[in-house]
There are 2 protein chains.
Amino acid sequence: MSAVSERVGDDGPAAAVLAVNTAFYEAIERADIDALERLWVEDGTAVCVHPGLPPIHGHKAVLRSWSAILAATPYLQFVLTDVTAEVRSGVAVVTCSENLLSAAEGMPDTVFAGGHAVATNVFRKDGETWRLWVHHASVVQRRDGG
Amino acid sequence: MSAVSERVGDDGPAAAVLAVNTAFYEAIERADIDALERLWVEDGTAVCVHPGLPPIHGHKAVLRSWSAILAATPYLQFVLTDVTAEVRSGVAVVTCSENLLSAAEGMPDTVFAGGHAVATNVFRKDGETWRLWVHHASVVQRRDGG
């Protein structure tokens with residue numbers, strides 16, 4: 001995972017939040033469900049909206065959805081662009097463009113599909129740790145003929 | 001606008017947040033750009049993701065986008081379902097399904113298009129007032145033969 005651009009500073013609370021945001025995408029790339037489990041708030045308030053799907057509520061259901069996605073996707077790599085972070089009183093909002101390389105199940109390993117989604121990730125401070133509260137991702141439509 | 005179901009209580013901070021969430025959709029239905037302007041946080045941290053589009057940042061740019069949408073849409077009505085609200089330390093996350101009736105420009109007034117989107121709306125308490133900080137909406141794909 002590489003973050004091409006950031007519109008925020010290198011230190012302070014925004015940096016701590018962005019480190020967790022990076023850890024989130026790296027955990028997906030490694031298909032590391034244990035790391036994903038630790039990154040999310042551990043209660044029923046967790047919300048995850050995968051592209052084109054309705055919201056999933058609660059830590060257990062959200063993690064089940066990631067397990068299914070990771071099991072069906074042998075290869076997934078993110079290049080994040082346009083990363084922004086705003087921190088207010090224990091809650092932070094990160095937005096980023098997710099530029100995806102993936103290999104879908106049943107396709108030759110040499111076939112990669114590119115994709116472009118945008119995500120809003122909301123983090124909540126839990127003691128000294130920032131945890132993912134909300135992940136909402138949606139596909140960006142390419143406009144023909146601009 | 002009508003909210004068919006809520007998974008939250010009728011009083012307390014969640015009720016105050018949901019009242020602002022309702023006011024947001026009613027302002028869109030009335031094409032009331034002044035009301036929308038008052039509902040959003042009044043600084044550069046406002047974030048709005050319309051379905052299929054990249055994020056728009058900042059109060060002025062977000063309001064311009066709504067002006068363009070309202071000018072191009074003679075009729076827009078929401079029925080909200082699956083409304084949930086979680087409130088933590090001055091920030092609230094609302095999720096809802098937006099079931100839309102709209103009339104697109106250039107079509108006969110009797111032609112209405114239905115649509116189904118989901119939204120994550122994040123509100124921030126500004127003094128005694130809850131204001132919209134983030135609106136991220138995305139279209140839900142219907143599954144064929146599912």
| said: In 10 Å bins starting at zero, report the fraction of Cα pairs in region B:59-106 per bin as a rounded %. | reply: 21, 31, 38, 9, 1
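Hey, got the average number of other protein chain Cβ atoms within 10 angstrom for residues in B:84-90?
Working: counts 5, 1, 10, 1, 8, 6, 4.
The mean count of partner-chain Cβ atoms within 10 Å per residue comes to 5.
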| note | Expressed as a whole number, the average count of other chain Cβ atoms within 10 Å around the Cβ atoms of B:92-101 is 2
| message | Just to be sure I understand: if I project the alpha-carbon convex hull of region A:16-90 onto a plane and average over all orientations, what area do I get in nm²? | response | 5.8 nm²
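Sort B:17-24, B:70-77 for me by packing, meaning the mean count of neighbouring Cβ atoms within 10 Å per residue, highest on top. The partial results should precede the final answer.
Values: B:17-24: 19.9, B:70-77: 14.4.
Result, highest mean Cβ count within 10 Å first: B:17-24, B:70-77.
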| Average other protein chain Cβ within 10 Å of Cβ, residues B:44-57 | 5
| Proximal lysines relative to A:Lys60, as straight alpha-carbon distance under 25 Å, when same-chain residues fewer than 8 apart are discounted | A:Lys125
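Among residues other than B:Arg88 whose Cβ falls under 15 Å from its Cβ, what is the net charge (Lys/Arg +1, Asp/Glu -1)?
On the way: positive: A:Arg88, A:Arg124, A:Lys125, A:Arg131, B:Arg124, B:Lys125; negative: A:Glu42, A:Asp43, A:Asp126, B:Glu86.
Overall, the nearby charge balance is +2.
Bear in mind that the values in this text are calculations on the coordinates, not laboratory data. Predicted, not measured: the structure shown is a model, and the values here were computed from it. Glycine gets a Cβ as well: all are built from the backbone with ideal geometry, and neighbour counts include every protein chain shown.
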